[in-house]
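Everything on this sheet refers to the single structure shown next.
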Amino acid sequence: MPNTRDIRRRIKSVKNTAQITKAMQMVAASKMRKAQQAALAGHPYSEVLNRVLVSLRDLVSEADHPLLESRPVEKKLVLLVTSDKGLCGALNTNVLREAASLDSKSTVFVSSGKKGSSFLARTGRDMIADFLLPDSPTFLQTKAVSKFCLEKFLSGEVDEVSVLYPKFVNTLTQKPVLLSLLPISKDKASGIDHDDKSSGSQFLFEPDADEVLNAILPYYFHFTVFQMILEARASEQSARMVAMKSATDNAKNIVKDLTLEYNKARQASITTELLEITTAQMALA
Amino acid sequence: MPTLNLEIVTPEARIFSGEALMVTAPGVDGDLGILPEHMPLMTQIHPGELHVTTPSGDIFLAVGEGFLEVLPDRVSVMTDMAESDSEIDEKAAEEAVERARKAMTEKTLSGEELATVQSSLLRSLAKLHVKRRTHR
């Protein structure tokens, strides 16, 4: 028979836990709204950018710009985007499982997020850079990350650059996605319906094709990485909110069970006491 | 009267989407006036004033750096800033110009930083330009 005092103590501690997870849930919910808005706000822009790039891609050949040129892939660079903090359900685990399945010999990693870097260090992967980004990163901050990857690609150290991040599907669902960004190829830039209106017609470039490609292709890469990191942040906060909500619910269930057990124990002890008293009375009478 | 489909987007939002009769954009090689049925064109734009003539009136926007894609029936403007004159805070823009000028004369900035300050100076100047033109 468990001691009533022990049960009381457990109820109290579980209630405390519930209070903390509830608070974390609230914080994550408000951060999530902001992060989701930030991630969604960029969609029209990337849509237009994608469309432009798709129509542009038809008019230029691989040789026109180093970022379009696909080389035989010997080394791959993977930008691993994870969260800095835990307590967000299976979010990081899912992403890291994906990372673990990559061939460790031909893959080098660039990490953003403490969970990812500690995983890479623990499993002895080849991590060439680790970037710390704040909760809501600006374009300039993520540009430092994407610029690093871009330079590695241009210098020929790696032949492919991809990003592994938790894609935001909706508040309840986040999916780890490995997306190859460089070299920029036709099928990678699409993602929206191909618009046939522009192909075939001659495009005019001002000042000239080289200059425009030189500006728009790196920009496309930087912006896509920025967008992905924002999405990863939205995923993180959503996952945390959901995880904390289920933790709070679980804690409440435990409190309910424990309270029942406590009441039973209390009643049992009262019954025993009553029995003792009546027995004593009967013995005296 | 033929119209073209104009879309102006920034990383933060879709600023404008709709019909336009004419678009005048600050291209790298000078201002570009675009009418419907323009030849397909792809160019960069500089901080400056974007003038849109719509069937319901004129719109002036201060835009930052970006890209302009022109198709016979569609114009897409991608830029890092697009503010109409009512959104521009003249005083804040003036202060920003002052700060940027100071930073460029005083400090010895390097590469990326200098480019950032320069582009922010050009953006603020573009804002002031748009703001003041409506005052005249």
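The values are calculated or read from the model by the stated rules, or taken from the named source; none is laboratory data. Here the structure is a predicted model, which is why all the values come from computation and not from measurement. Don't worry about glycine lacking a Cβ; one is built from the backbone with ideal geometry, like all the others, and counts go over all protein chains shown. When the accessible area is computed, the model is the full protein with side chains, heavy atoms only, and any ligands, DNA or RNA have been set aside. Shrake-Rupley method; radii C 1.70, N 1.55, O 1.52, S 1.80 Å.
At-a-glance table
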item	result
Number of the exception - A:ASN250 against (1) touching a residue at least 12 places away in the same chain (Cβ under 8 Å); (2) open to solvent by 10 Å² or more (accessible area, probe 1.4 Å)	(1)
Count of residues meeting criterion [more than 24 Å from B:GLU12 (Cβ to Cβ) and out of contact with any Asp or Glu (no Cβ under 8 Å at 6 or more places or on another chain)] in segment A:66-83	5
Hits in segment B:1-50 (condition: within 14 Å of chain A (Cβ to nearest Cβ), among the small types (Gly, Ala, Ser) and assigned to a strand (DSSP E or B))	B:SER17, B:GLY18, B:ALA25, B:GLY27, B:GLY30, B:GLY33
Residue tally, condition part of a helix (DSSP H, G or I) and within 13 Å of A:VAL163 (Cα to Cα), over segment A:89-106	4
Residue count, segment A:69-101 (criterion: polar (S, T, N, Q) and either within 14 Å of chain B (Cβ to nearest Cβ) or surrounded by fewer than 21 Cβ atoms within 10 Å (Cβ to Cβ) (or both))	4
One residue from A:ARG51, A:ARG9 being closer than 30 Å to A:LYS252 by Cα and either of a type in the set (D, E, K, R) or assigned to a loop (DSSP other than H, G, I, E, B) (or both)	A:ARG9
Looking only at segment A:209-218, and only at residues there that are open to solvent by 50 Å² or more (accessible area, probe 1.4 Å) and at the interface with chain B (Cβ under 10 Å from one of its Cβ atoms), the one that is nearest to B:LEU41 (Cα to Cα)	A:GLU211
Single unsatisfied condition, A:LYS12 versus (1) in the same structural domain as A:LEU230 (by TED's automatic domain parsing); (2) more than 30 Å from B:ILE15 (Cα to Cα)	(1)
Tabulated pairs, segment A:122-144, first of a type in the set (Asp, Glu), second open to solvent by 70 Å² or more (accessible area, probe 1.4 Å), C-beta under 8 angstrom, 6+ apart or interchain	A:ASP135/A:LYS31
Selection count where residues are within 11 Å of the chain's Cα centre (by Cα), assigned to a loop (DSSP other than H, G, I, E, B) and of a type outside the set (A, V, I, L, M), scope segment B:51-82	3
Residue that is most open to solvent (accessible area, probe 1.4 Å), among those in segment A:25-40 that are out of contact with any Ser or Thr (no Cβ under 9 Å at 6 or more places or on another chain) and within 14 Å of chain B (Cβ to nearest Cβ)	A:GLN37
Residue match in segment A:1-24 (condition: more than 14 Å from chain B (Cβ to nearest Cβ), hydrophobic (A, V, I, L, M, F, W, C), free of Cβ contacts under 8 Å to residues at least 60 places away in the same chain and open to solvent by 30 Å² or more (accessible area, probe 1.4 Å))	yes
Scope segment A:53-68; condition under 30 Å from the mean Cα position of the chain (by Cα) and surrounded by fewer than 18 Cβ atoms within 10 Å (Cβ to Cβ); matching residues	none
Residue within segment B:61-83 that is more than 28 Å from A:GLN227 (Cβ to Cβ), more than 13 Å from chain A (Cβ to nearest Cβ) and surrounded by 15 or more Cβ atoms within 10 Å (Cβ to Cβ) present	no
Odd one out for A:THR142, checked against (1) in a helix (DSSP H, G or I); (2) more than 17 Å from A:ALA38 (Cα to Cα)	(2)
Residue among A:VAL95, A:VAL27, A:VAL110, A:VAL73 that alone is more than 23 Å from A:PHE226 (Cβ to Cβ) and in contact with a strand residue (DSSP E or B) (Cβ under 6 Å, 6 or more places away or on another chain)	A:VAL73
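Residues are listed down the side, and each one gets a yes or a no for (1) within 21 Å of A:PHE223 (Cβ to Cβ); (2) of a type outside the set (Asp, Glu); (3) in contact with a helix residue (DSSP H, G or I) (Cβ under 8 Å, 6 or more places away or on another chain); (4) not assigned by TED's automatic domain parsing to the domain that holds B:LYS127:
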residue: B:GLY33; (1), (2), (3), (4): no, yes, no, yes
residue: B:LEU61; (1), (2), (3), (4): yes, yes, yes, yes
residue: B:PHE67; (1), (2), (3), (4): yes, yes, yes, yes
residue: B:SER76; (1), (2), (3), (4): yes, yes, yes, yes
residue: B:ALA92; (1), (2), (3), (4): no, yes, no, no
residue: B:GLU98; (1), (2), (3), (4): no, no, no, no
